[in-house]
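Encoded as structure tokens, here's the structure I'll be asking about.
We did not get these values from a lab; they are worked out from the coordinates using the rules stated. Note that the structure is a prediction, hence the values are computed from the model and not measured. Backbone-built Cβ (ideal geometry, glycine too); neighbour counts: all protein chains shown.
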Amino acid sequence: MSLSAALARYKRIAEFAASRVGDYTELCALELATYRNALVSMISAYVAMIFCAIFALGFFSLAVLVSFWDSDYRVIAAWSIFAAWLVLAVLAFVIARKSAPDAAPQSILSQQIKLDLDTIKGNYEYDDRIDSTR
């Protein structure tokens, strides 16, 4: 391969890469925003779960104490309050698990870069094979 052919090849690769930089920047910003929103939601749900679990344990203790009293109404009320806080804690945990991001940020960006590298390799290796047969 001649020097001018090699320079032309590298120029085409540089032009291709330069044309993709804007897309990469936009894609990176979108992925980071999505990841940040999911992370904030997950952390909020975990904080809610922790507070609900603390209240559930507090009312569980109260329910155990009240269970030994003579009135059936106090027992039912105490166990109902415990059950309600326990359900809220479980619900907060489920929400936190569902809102957790599936992948690390830039996973789509890295896939796109790999596809572009494959495109560069495929297109320009083909050009090299054609040039070498001439």
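I need Trp69, Trp79, Trp85 ordered by Cβ neighbour count within 10 Å, fewest first.
Trp69, Trp79, Trp85
Right, something else. Using only helices, what value at 222 nm comes out for the chain when you add -39,500 (n - 2.57) per DSSP H run of length 4 or more and divide by the total residues, to the nearest 500 deg cm²/dmol?
-33000 deg cm²/dmol
What lysines sit close enough to Lys11 to cross-link, taking a C-alpha to C-alpha distance under 29 Å and skipping anything fewer than 8 places away on the same chain?
Hits, sequence-local ones excluded: Lys114, Lys121.
Okay, next question. Rg (Å, one decimal) plus Dmax (Å, integer) for the alpha carbons of the chain?
29.9, 101
Looking only at Ala48, Ala100, Ala84, which one moves most when the chain is put into a Gaussian network model with springs between Cα atoms under 10 Å?
Ala84
Amide H of Ala100: which non-local residues (sequence gap of 5 or more, or other chain) have their own amide H closer than 5 Å, using H built in the peptide plane?
Amide H neighbours of Ala100: none.
Report Rg/Rh for the stretch 1-75, rounded to two decimals, where Rg is the Cα radius of gyration and Rh the Kirkwood radius.
1.68
Full extension from Ile13 to Asp102: what is 0.36 nm times the residue separation minus their Cα-Cα distance, to one decimal in nm?
Stretched fully, the Ile13-Asp102 segment lengthens by 28.7 nm.
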